[in-house]
1. Calculate the dipole size of the chain relative to its Cα centre from +1 charges on Lys and Arg beta carbons and -1 charges on Asp and Glu beta carbons; express the result in debye to the nearest 20.
2. Ranking request for peptides 101-108, 119-126, 72-79, 56-63: highest mean number of other beta-carbon atoms within 10 Å first, then the rest in descending order.
3. When you count, for each residue, the other Cβ atoms within 10 Å and take the mean per peptide, how do 131-142, 28-39 rank with the highest first?
4. Compute the distance from the alpha-carbon center of region 38-63 to that of region 68-126, in whole Å.
5. For the chain, what does the relative contact order come out to in percent, with C-alpha contacts under 8 Å and a separation of six or more?
6. Assuming a ≥ b ≥ c are the square roots of the Cα gyration tensor eigenvalues, decide whether region 87-142 counts as rounded (a/c under 1.5), prolate (otherwise, with a/b larger than b/c) or oblate.
7. Relative contact order (percent) for region 31-122, with alpha-carbon contacts under 8 angstrom and 6 or more residues of separation?
8. Less than 14 Å Cβ to Cβ from D24, Lys/Arg counted +1 and Asp/Glu -1: what total charge do the surrounding residues give?
Amino acid sequence: MVNAITEIATLAGGCFWCLEAVYDQVKGVLSVESGYIGGSVENPSYDAVCGGRTGHAEAVRVTYDPKIISYRELLEIFFAIHDPTTLNRQGNDEGTQYRSAIFYHSPEQQQLAETVKAAVAGAGTFAHPLVTEIAPASTWYEAERYHQEYFARNPLQGYCQFVVGPKVAKFRKQFVAKLKS
């Protein structure tokens, strides 16, 4: 349950296993849930989302304590751990379900998302333009139970070793001060 001292950030940046594994380690993050957002079908299944038949993005819903970590800091991590310049693609994962997107929950989040995106674009970090979508949060659908905490439960699975693991390692190296103790 979310109360007055917590807030929610909803982010999509490729496979939700990658984002969940990173945000689980961020100081001030209370919970991370993998799921689907931004589509047109009610109660989508993983197979339907991955088949590109629903319009949903694989995403994470991050519940956090803004006294410990700010929305801006969560967005800075977001832009550092995925490629926001590839339309509907992250590595070998291709389709609209893997798009880069920030789903805002308030006008303040929308403004901050636009500000951070513009700052990242202007910093020259990326050789290509950012394609990250900024859209209002729509209905959230929690992913199937076996997707929750997937990396933590399956660190030796191939995708986890070769895709998720390197993203987590990059985060841990770049954001040491943001790690949970």
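1. Values: 16 positive and 19 negative charges, 121 e Å.
Roughly 580 debye for the chain.
2. Values: 101-108: 17.5, 119-126: 12.4, 72-79: 20.5, 56-63: 25.5.
By packing density, highest mean first, the sequence is 56-63, 72-79, 101-108, 119-126.
3. Working: 131-142: 15.9, 28-39: 20.5.
Order by mean packing, descending: 28-39, 131-142.
4. 18
5. Values: 327 pairs, mean separation 56.0, N = 181.
Contact order relative to length: 31 percent.
6. Details: a/c = 3.32, a/b = 1.05, b/c = 3.16.
Oblate shape, in that a/c is at least 1.5 and b/c is the bigger or equal ratio.
7. Values: 94 pairs, mean separation 23.4, N = 92.
This gives 25 percent for region 31-122.
8. Details: positive: K27, R61, R153, K167, R172, K178, K180; negative: E20, E33, E149.
It works out to a net charge of +4.
Read the figures in this text as sums done on the coordinates, not as results from a lab. Everything numeric here is computed off the predicted structure, so don't read it as measured data. A quick note on method: Cβ atoms are made from the backbone with ideal geometry, for glycine too, and the neighbour counts reach across all protein chains shown.
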